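Below is one structure; the comments refer to it alone.
What follows is calculated from the coordinates using simple rules that are stated; it is not laboratory data. Just so you know, these numbers come straight off a predicted model, no measurement behind them. We place every Cβ from the backbone using ideal geometry, glycine too, and count neighbours over all the protein chains shown.
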Amino acid sequence: MRLPPIVLNFVLAIASFSLIVGCTQSAPTPPNAASANAQSSLKVAMVSSGVQDDGSWSQGGYEGLQLIKQQFNAAVEFKGTVSDNQAEVPLREYAKAGYDFIIAHSGGYIESAEKVAKEFPRTKFALVTTYAGNNRNLGAVAFRSGEAGYLAGVLAAMKTTTNKVAYIVGADYPVYQEEAALFRRGVAATQPNIEVTTEFLQTWTDSEKGRSVALNLVNQGYDSFAINADEAGIGALKAVAEHENTHIVGWTKDQYDLAPKHVLTSVLQDMPKLILNAADLMQQGKWEGKLYKFGLKEGIYDFASFRGSLTPDEEAQFMAIKEKVITGEIDVSPESSAAS
């Protein structure tokens with residue numbers, strides 16, 4: 001039966017409306033960016049030797065963990081103030097809990113990380129120190145420490161008036177032995193007749209010990225220092241700054257405000273970026289249980305502003321030496337240090 005045109009148009013309109021409504025109701029709602037990102041299953045944990053706001057090593061690690069959280073929408077967990085002989089327990093607990101990437105943020109955790117990584121071969125582990133890796137699931141990221149050690153030695157030698165300079169560091173891990181050796185080379189290359197000493201505090205947190213060691217050195221006539229010892233180092237820095245005509249190269253973050261009349265500059269370590277680089281390698285499937293090093297060339301290392309602590313000639317000399325280190329014209333590898 002043929003319908004009148006007005007009725008036919010009405011029926012077609014209703015049918016079209018019903019089809020549109022039906023299609024709209026059955027189509028899936030596209031997820032927004034937040035809900036899509038929330039589906040990330042990456043779990044990353046970090047164990048560190050200090051607290052997350054220590055203004056130094058552990059804080060840098062914690063901030064790196066937060067970058068991983070932002071970059072990869074990962075679930076992250078931080079456990080601080082873990083001594084070397086306690087590290088095995090939390091590392092194992094995180095592995096049992098199914099964390100994909102576990103970061104052992106201390107050079108003192110090597111033995112513990114090796115043991116736990118062997119027990120959990122499917123889990124990826126990273127040490128933040130100079131360590132060769134197991135060529136399987138346990139690798140490391142580290143700074144090219146010789147660069148900073150050498151250049152800190154250059155600065156210390158430039159500013160001493162007593163010809164006695166010192167490097168104070170928290171522990172004698174291989175990476176800091178390397179730093180100390182290159183510190184000596186930097187001093188000798190600048191002024192060969194300077195007396196150099198290294199003090200390994202064997203603590204990163206005991207500020208009173210840092211203070212005591214620093215005062216003892218000042219009393220012996222040492223006047224130019226590089227201090228790399230986290231919380232213990234802050235105690236040492238403040239003790240040195242109590243005396244006139246002393247000079248300090250700070251470490252990890254810009255420490256100028258702690259002693260404006262004494263801090264020449266600070267070695268800036270972009271620890272958060274270093275930690276993020278480790279996670280990025282893991283996410284790309286490139287974590288091969290090896291040592292990955294980063295330094296001045298990659299912007300992981302730098303030096304804070306001198307703020308007039310060097311003369312124009314001294315600053316120009318330092319910047320020229322720094323450029324030669326970056327280009328390799330000055331060899332700051334550990335092997336060349338051992339041979340020298």
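For the chain, the longest principal axis of the alpha carbon atoms and the long axis of helix 312-327 meet at an angle near 60°.
If the limit is 30 Å between Cα atoms, which of 209/322; 164/290; 69/293; 238/290; 124/322 go over it? Show your work: numbers first, answer last.
Details: 209/322 32 Å; 164/290 38 Å; 69/293 22 Å; 238/290 38 Å; 124/322 35 Å.
As for pairs spanning more than 30 Å Cα to Cα, those are 209/322; 164/290; 238/290; 124/322.
For residue 115, which aspartates and glutamates qualify as cross-link partners when the Cα separation must be under 16 Å and same-chain residues fewer than eight apart are set aside? Within reach: 84, 88, 93. Distances between every pair of Cα atoms in the stretch 247-340, grouped in 5 Å steps from 0 to the bin holding the largest one, split as 3, 11, 16, 17, 19, 15, 10, 5, 3, 1 percent.
A full extension of the chain between residue 81 and residue 119 corresponds to an added length of 11.3 nm, given 0.36 nm per residue minus the alpha carbon distance.
Listed peptides 88-98, 317-327, 180-190 appear in the order 180-190, 88-98, 317-327 once ranked by packing, highest mean of other Cβ atoms within 10 Å at the front. Which angle between 0 and 90 degrees, to the nearest 10, do you get for helix 110-119 versus the longest principal axis of the chain when only C-alpha atoms count? Result, in degrees: 30.
Extension gain, residue 297 to residue 69, is 79.5 nm, computed as 0.36 nm per intervening residue step minus the present C-alpha separation. Quick one: Debye curve from the alpha-carbon atoms of the chain only, equal weights, vacuum; give me log10 I(q)/I(0) at q = 0.07, 0.09, 0.11 Å⁻¹ to two decimals. For the chain at q = 0.07, 0.09, 0.11 Å⁻¹, log10 I(q)/I(0) is -0.36, -0.52, -0.73.
Under 14 Å of direct C-alpha separation, and excluding same-chain neighbours fewer than eight residues apart, residue 159 reaches these aspartates and glutamates: 195, 223, 244, 313, 314, 315.
Using only Cα atoms, find the angle between the long axis of helix 230-240 and the longest principal axis of the chain, and express it within 0 to 90 degrees, rounded to the nearest 10. Approximately 40 degrees, to the nearest 10. Of the residues 80, 67, 98, the one whose Cα sits farthest towards the positive end of the charge dipole of the stretch 65-112 is 67 (charges of +1 on Lys and Arg Cβ, -1 on Asp and Glu Cβ, taken about the Cα centre).
Report for the chain the percent antiparallel among DSSP-assigned beta bridges with both residues inside it, nearest 5. Around 5 percent of the beta bridges assigned by DSSP in the chain are antiparallel ones.
What you get for the stretch 79-237, charging only the Cβ of Lys and Arg (+1) and of Asp and Glu (-1), is a dipole of about 380 debye around the Cα centre.
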